[in-house]
Amino acid sequence: MSKSPITKRASQIHPFHVMRLLARARALEAMGRDIVHMEVGEPDFKTPQPIIDAGIAAVSTGNVHYTAATGLMALKEKLSAHYQVTYGVSVNPNQIVITPGSSGALLLSLACLVEPGKKVLLADPGYPCNRNFSYFLDGEVKAIAVDASTNYQLTAELIESNWDENTVAVILASPSNPTGTLIDSTLLQGMIDVVENKNGVIVMDEIYHGLVYQQQTHSILEFTQNAFVVNSFSKYYGMTGWRVGWCVVPERYLTAVDNFAQNIFLAAPTPAQHAALAAFSDETNLILEQRRKEFKKRRDYLLPKIQALGFNVSSEPQGAFYIYADSSNITDDSEHFTEHLLEQAGVAITPGMDFGTNRAKQHVRFAYTTSMERLAEGIKRIKKYIDGM
Ligand SMILES: Cc1ncc(COP(=O)(O)O)c(C=O)c1O
C-alpha cells in the first residue's frame, strides 16, 4: 500500500447517498428498466433559448478569454438592476462577485469567515455541502436540529442558545433545500439582530429565489448590508451545467474575496457569463414565469398525493422543487426504503440522511423535477410498492 500522504479532510467529506442512488438508477436504465426520477435537484427544463443563443453568440466571437476574477461588469450591472427591481434595494455592482455557481460563492464567503477551531451554525436538515465547505476550511460545524415547529428554519432563539465564543457565522437558506420552506421576514430581522450583536456574519443562500409559489420573496439585503448573499443562475434560470452564480459581498470583505477568486478560480466561465446576460430579458422572463407556474402545479399535485400514501408533511413547502416528508408511518429506515423502492418499483427518491442526522432515517425528499405524467406514474408505483410491503 502506498504511504503517500492524504489529508484528514479527505476522509471528512462524504459523498451524497443520492449520487449512489442515481448511479444505480442509470445502471438499471442501461439494463432496459424505466425509472421515474424524483431525486434530481435540478430543473428538467432545458436552459431558456435566449440564454443559449447569447452563450453561442459569445463563443462564436472567439472572445472566450478570462474575465476579471470578479466577473463581467455588464453582468454585475444587470444583477444590481435586478436587486433594485425585485427587492427595491440598491446594490453597488462592485459588491457583486460572479462565481462558478453558488458553490463558488459559498466557498469564497466561508473562506473569509472560517478558520481552524471556528464554528458555523446551520440547520439540520439542510443542504449537505454547507457543512463540508466548513470542514474543507478546517472549521467546525454546529448542526441545529429543526422541525415543523419553526418551519424547518433556524430562529433567533436557536442561534442565541447555540452560539459560543468560537462561532463566527450562520448559514441560512430560504427557500431551503430539502424542505422548500421560507424564513419569515419578521423572524429574519430577529436573527440578524442576534448575529450582528455577536459580531458574527450571516451567509444567506437565496438560490431558490424565483421559485416561490405564493408568498412574496424578500432578500436579506432589504434588512442588512452586512450579510454575504449567495445566489446562482442554476435553478430558477435553468443553468446548472453552465456553472455561473454570484455573491453579494459586504464591503469589508471585497478585497479578500477578489484575492481568493483570482487564486482559486481565476474567473467564472466566460461563455456562461455572457449567456447569463440574457437571463433578465423580457423573453426569458416569460419562459421562466411559465416554468414557475408549472413547478407550482406539480407541487400542488404531488403534496396531497404523497400525504395520501401515508407520508407526513407538516410544513407546506413554499418554494424550491422539493417536498421533505416524514416516512415513519411507512418505514423506520428511509435509506433501506429508497434503495428497495428503486430496485423493486423503479422510482428514485432521496433518503433523509443526505441532509443531516436529525431524524434522517424517518425522512425522504421528493423532487418534482419531472413532468406531471412522470409524477403520476411515480405515485402509482410507490402506492403499489407500499401496498405490497
Ligand atoms: C441550497 C443550495 N445551495 C447551493 C447549491 C449549489 O448550486 P450551484 O453551485 O449549481 O449554484 C444547491 C444545489 O443543489 C442548493 O440546493
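Consider segment 222-242 and keep the residues that are crowded, with 18+ Cβ neighbours inside 10 Å, under 17 Å from the mean Cα position of the chain (by Cα) and of a type in the set (G, A, S). The one that is farthest from the ligand (Cβ to nearest atom) is G238. Under the condition of being touching a residue at least 40 places away in the same chain (Cβ under 8 Å) and either more than 16 Å from the ligand (Cβ to nearest atom) or over 17 Å from the mean Cα position of the chain (by Cα) (or both), the residues counted in segment 197-221 number 6. Residues that are in a helix (DSSP H, G or I) and within 16 Å of the ligand (Cβ to nearest atom) within segment 120-137 comprise C129, N130, R131, N132, F133, S134, F136, listed in sequence order.
I need a count of the residues in segment 81-101 that are under 19 Å from A272 (Cβ atoms) and of a type in the set (V, I, T). Break it down into steps so the answer makes sense when it comes.
Here is the first cut: in segment 81-101, the residues under 19 Å from A272 (Cβ atoms) are 82, 93, 96-101.
Now narrow it down to the ones that are of a type in the set (V, I, T): 96-99.
Within segment 81-101, residues that are under 19 Å from A272 (Cβ atoms) and of a type in the set (V, I, T) number 4.
Could you check segment 8-88 for helices (runs of 4 or more DSSP H) lying wholly inside it with 3 or more residues that are in contact with a Gly (Cβ under 9 Å, 6 or more places away or on another chain) and in contact (Cβ under 8 Å) with a residue 24 or more places away in the chain? Ranges flagged: 17-30.
Looking at A268, A261, A256, which one is outside any helix (DSSP H, G or I) and assigned by TED's automatic domain parsing to the domain that holds I56? Before you say what the answer is, go through the steps one by one.
Values: A261 fails: outside any helix (DSSP H, G or I); A256 fails: outside any helix (DSSP H, G or I).
The match here is A268.
With K361, K305 as the choices, which residue is over 22 Å from the mean Cα position of the chain (by Cα) and either surrounded by fewer than 21 Cβ atoms within 10 Å (Cβ to Cβ) or assigned to a strand (DSSP E or B) (or both)? Steps first, answer last, please.
Details: K361 fails: over 22 Å from the mean Cα position of the chain (by Cα).
Selected residue: K305, the only one of K361, K305 that is over 22 Å from the mean Cα position of the chain (by Cα) and either surrounded by fewer than 21 Cβ atoms within 10 Å (Cβ to Cβ) or assigned to a strand (DSSP E or B) (or both).
Scanning segment 243-265 for residues that are small (G, A, S) and crowded, with 19+ Cβ neighbours inside 10 Å yields G245, A261. Those residues that are away from the ligand (no atom under 15 Å from the Cβ) and touching a Pro at 6+ places or on another chain (Cβ under 8 Å), I need them from segment 138-164; list them, please. Matches in segment 138-164: D138, G139. When segment 321-343 is filtered for residues that are touching a helix residue (DSSP H, G or I) at 6+ places or on another chain (Cβ under 9 Å) and part of a loop (DSSP other than H, G, I, E, B), the ones remaining, listed by number, are F321, S327, S328, I330, T331, D332, D333.
Per-residue answers, yes or no, for (1) more than 22 Å from the chain's Cα centre (by Cα); (2) surrounded by fewer than 23 Cβ atoms within 10 Å (Cβ to Cβ):
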{"site": "A267", "(1), (2)": "no, yes"}
{"site": "I287", "(1), (2)": "no, yes"}
{"site": "A320", "(1), (2)": "no, no"}
{"site": "E339", "(1), (2)": "yes, yes"}
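Taken across segment 108-119, residues that are within 14 Å of the ligand (Cβ to nearest atom) and touching a Gly at 6+ places or on another chain (Cβ under 7 Å) do not occur at all. Scanning segment 134-150 for residues that are surrounded by fewer than 23 Cβ atoms within 10 Å (Cβ to Cβ) and closer than 19 Å to I202 by Cβ yields L137, G139, E140, V141, K142, A143, I144, T150.
Among the residues of segment 173-189, is any within 15 Å of the ligand (Cβ to nearest atom), under 30 Å from A69 (Cα atoms), at pLDDT 95 or above and not in a loop (DSSP other than H, G, I, E, B)?
Scanning segment 173-189 turns up at least one residue that is within 15 Å of the ligand (Cβ to nearest atom), under 30 Å from A69 (Cα atoms), at pLDDT 95 or above and not in a loop (DSSP other than H, G, I, E, B).
What are the pairs, 6+ residues apart or on separate chains, where a residue within segment 227-247 that is farther than 13 Å from L106 by Cβ and touching a residue at least 40 places away in the same chain (Cβ under 8 Å) has its Cβ under 7 Å from a residue that is near the ligand (Cβ under 9 Å from one of its atoms) and among the small types (G, A, S)? Taking only residues 6 or more apart or on different chains, the pairs are F233/G245; T240/S234; R243/G101; V244/G101.
The values are calculated or read from the model by the stated rules, or taken from the named source; none is laboratory data. None of the values given here were measured: they were computed from a predicted structure. A quick note on method: Cβ atoms are made from the backbone with ideal geometry, for glycine too, and the neighbour counts reach across all protein chains shown.
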